[in-house]
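For reference, the structure discussed in these notes is given below.
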């Protein structure tokens, strides 16, 4: 029954029909707009409140505006979109559900922590290749203040951040996937398993996620038969410096060696030294905004031909953490290529 | 490009290849095990802690045991399962991610509040029909105590519950979907939009969700051309008495009239008068356990032939509610039929 060309292995499927990323929108916060990628964003908010009265409402507004903008840039209307997929870090994915409630589009809410952007593109691409949709609008986002409040300490406390801590990216990224059009194509999806490295420190998400990133990258190369140099860029989501170093160590143990083509969106979006962002950027928005802003333009301008994007997610729940539990993690890899 | 037989309308797709529900598992809490459906559950926990030290850990254990049991009953092994889909009400879907972290299966986390079970079957069926998977393990669950603590009041306060309040079902339901085998088939998927009825009361989820249920039911009948009597049972997820009465009113306004074939899982799982559950059962587990336990057996024993299951979800986030916001809702309809 199953088309064996589609399924390459336990984790990986080929996307056989063309699934184009026909547009993207990258909305960033003020701090992100002062970083190295500032020229690539579609919109930079003036302040962290984005004109709203709460961080949560500001986060929702980023979603609304990013999804709206990706849709406008695609030339499509609400009626053309068959499914909308989104998720975020706010409890019950509040950023997405409140931000997108006025879009009259069938909605599939997803949750993969900061891997959400990868999961959205994965499911969206399979729905198009499977013949269920022509156009899918999907994305993810996060907000530094609401994430700190929810997962760590109230910002008003001024708690000192350890060197392993990452800085949640404020913003949202959205893409329109389509069966017709032009642009980079989603060609291959490797879906990750939940991996628990036994890390308990909510200020060291990089270490918690490095194992999940290694697992999915290793599966991707084994199941596709590709080598690391197949891609111009292999970009994890938000491991930061600490997580990236661990990932390279774990990959070396599996004899997967990269030259200079592996990076992490959390190391691209901020200048860690100048911007005091410690280990790097993180959050659902980290890979969503970095891809939608920077890498998408690198692809469409033919500066790169092939990217393996691997958004990484730490599946932390604070109640369960406070009960002494570790932080399970997950990562999803998406191959995106220009023809 | 798109197969027009698959897409029937803006919300609805046909599942063309056979997608069988080859097994289910219904795990219930003690109170649920004293209700009208007690003889249909696979396992009833002795107490609300399920042998664990916290409600959250108990909730995770329900997931682990339900998914394990559905898998065993299907005769499949972990290696046979291509994707696992799950979600729940705990912040960051902690019940699923902690409960299922030892399953070495590619995982797609989803969030649709109490509509999650419908969303899981929807995406799982499309992945099989689309040729991406042969077997998918999916489900949802919830826990009364962790939900009350998180969304309403600490149980220790003994807060009085208003008549509109529902009682979150403790338990988890899981199903194995497969391209081969026997059992009821998933034949049609109608995916809901986010609908906000302007309700602000966290103790009246039925009113918040009735509009979303009406919207997806109305779309289902319009787009399929079916009439309400096509189904032996049309079962919403957890509207309770208050929500069901509103739904019938809204449906009547659209000239969709049911005889006696419409019900709500929240009215089936508890005896509201004897069990003091006010408006009825609710939570992700409500439709998951009622379907996996009761309706699945009604189908396989040929007592009913066709069911339209419509898990309903209130997308509440307590921070945003406390900021004065309303409660957006969603519902997803899944048609399940015996040959």
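The values are calculated or read from the model by the stated rules, or taken from the named source; none is laboratory data. Please read these numbers as outputs of a predicted model, since none were measured by experiment. Here Cβ is always computed from backbone atoms with ideal geometry, including for glycine, and neighbour counts include all displayed protein chains.
Annotation note: Cβ proximity below 7 Å between a residue of region A:6-25 that is facing chain B (nearest Cβ under 9 Å) and under 17 Å from residue A:182 (Cβ atoms) and a residue that is part of a loop (DSSP other than H, G, I, E, B) and modelled with pLDDT of 95 or more (sequence gap 6+ or interchain) occurs for A:17/A:179; A:18/A:179.
Could we say that residue A:281 is touching a residue at least 40 places away in the same chain (Cβ under 8 Å) and in contact with a helix residue (DSSP H, G or I) (Cβ under 8 Å, 6 or more places away or on another chain) here? Before the answer, list the steps.
Values: touching a residue at least 40 places away in the same chain (Cβ under 8 Å): yes; in contact with a helix residue (DSSP H, G or I) (Cβ under 8 Å, 6 or more places away or on another chain): yes.
Taking the combined requirement at face value, the residue satisfies it.
Exactly one residue out of B:190, B:236 is within 14 Å of another protein chain (Cβ to nearest Cβ), within 18 Å of the chain's Cα centre (by Cα) and either touching a residue at least 60 places away in the same chain (Cβ under 8 Å) or within 25 Å of residue B:175 (Cβ to Cβ) (or both): that is B:190.
Name the residues in region A:55-74 that are away from chain B (no Cβ under 14 Å) and either farther than 21 Å from residue B:326 by Cα or free of Cβ contacts under 8 Å to residues at least 40 places away in the same chain (or both), would you? First the steps, then the outcome.
To start, the set of residues in region A:55-74 that are away from chain B (no Cβ under 14 Å) comprises A:62, A:65-66, A:68-74.
Across region A:55-74, the qualifying residues are A:66, A:68, A:69, A:70, A:71, A:72, A:73, A:74.
Can you find a residue that is in contact (Cβ under 8 Å) with a residue 24 or more places away in the chain, surrounded by fewer than 21 Cβ atoms within 10 Å (Cβ to Cβ) and in contact with a strand residue (DSSP E or B) (Cβ under 8 Å, 6 or more places away or on another chain) anywhere in region A:248-261? There is at least one residue in region A:248-261 that is in contact (Cβ under 8 Å) with a residue 24 or more places away in the chain, surrounded by fewer than 21 Cβ atoms within 10 Å (Cβ to Cβ) and in contact with a strand residue (DSSP E or B) (Cβ under 8 Å, 6 or more places away or on another chain). Is one or more of the residues making up region A:16-26 surrounded by fewer than 22 Cβ atoms within 10 Å (Cβ to Cβ), within 30 Å of residue B:103 (Cα to Cα) and touching a helix residue (DSSP H, G or I) at 6+ places or on another chain (Cβ under 8 Å)? Yes, region A:16-26 contains at least one residue that is surrounded by fewer than 22 Cβ atoms within 10 Å (Cβ to Cβ), within 30 Å of residue B:103 (Cα to Cα) and touching a helix residue (DSSP H, G or I) at 6+ places or on another chain (Cβ under 8 Å).
Regarding residue B:164, is this residue without any contact (Cβ under 8 Å) to a residue 12 or more places away in the chain and in a loop (DSSP other than H, G, I, E, B)? Break it down into steps so the answer makes sense when it comes.
Numbers: without any contact (Cβ under 8 Å) to a residue 12 or more places away in the chain: no; in a loop (DSSP other than H, G, I, E, B): yes.
Taking the combined requirement at face value, the residue does not satisfy it.
Of all residues in region A:312-323, those satisfying the criterion of being crowded, with 18+ Cβ neighbours inside 10 Å, facing chain B (nearest Cβ under 8 Å) and in contact (Cβ under 8 Å) with a residue 40 or more places away in the chain are A:315, A:316.
Within region B:147-160, track down each residue that is over 18 Å from the mean Cα position of the chain (by Cα) and within 23 Å of residue B:62 (Cβ to Cβ). It would help to see each step written out before you state the result.
Here is the first cut: in region B:147-160, the residues over 18 Å from the mean Cα position of the chain (by Cα) are B:148-160.
Hits for region B:147-160 are B:148, B:149, B:150, B:151, B:152, B:153, B:154, B:155, B:156.
Considering region B:75-153, the qualifying strands (runs of 3 or more DSSP E), each wholly inside and each with 2 or more residues that are at the interface with chain A (Cβ under 10 Å from one of its Cβ atoms), run over B:83-88, B:107-109.
Here's the yes/no breakdown for (1) in contact with a strand residue (DSSP E or B) (Cβ under 7 Å, 6 or more places away or on another chain); (2) in contact (Cβ under 8 Å) with a residue 40 or more places away in the chain; (3) closer than 21 Å to residue B:226 by Cβ:
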residue: B:277; (1), (2), (3): yes, yes, no
residue: B:296; (1), (2), (3): yes, yes, no
residue: B:305; (1), (2), (3): yes, yes, yes
residue: B:310; (1), (2), (3): yes, yes, yes
residue: B:325; (1), (2), (3): no, yes, no
residue: B:331; (1), (2), (3): yes, yes, yes
residue: B:338; (1), (2), (3): no, yes, yes
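Quick check: is even one residue across region A:44-54 facing another protein chain (nearest Cβ under 9 Å), in contact with a helix residue (DSSP H, G or I) (Cβ under 6 Å, 6 or more places away or on another chain) and either surrounded by fewer than 17 Cβ atoms within 10 Å (Cβ to Cβ) or under 26 Å from residue B:332 (Cβ atoms) (or both)? Quick ask: steps written out before the conclusion?
Step one: filter region A:44-54 for residues facing another protein chain (nearest Cβ under 9 Å), giving A:53-54.
Then drop every residue that is not in contact with a helix residue (DSSP H, G or I) (Cβ under 6 Å, 6 or more places away or on another chain), which leaves none.
Within region A:44-54 (the criterion being facing another protein chain (nearest Cβ under 9 Å), in contact with a helix residue (DSSP H, G or I) (Cβ under 6 Å, 6 or more places away or on another chain) and either surrounded by fewer than 17 Cβ atoms within 10 Å (Cβ to Cβ) or under 26 Å from residue B:332 (Cβ atoms) (or both)), the answer is no, since none of the residues qualifies.
Within region A:168-176, none of the residues are within 12 Å of chain B (Cβ to nearest Cβ) and within 19 Å of the chain's Cα centre (by Cα). All of (1) surrounded by fewer than 21 Cβ atoms within 10 Å (Cβ to Cβ); (2) at pLDDT 95 or above hold for residue A:41 with one exception: (1).
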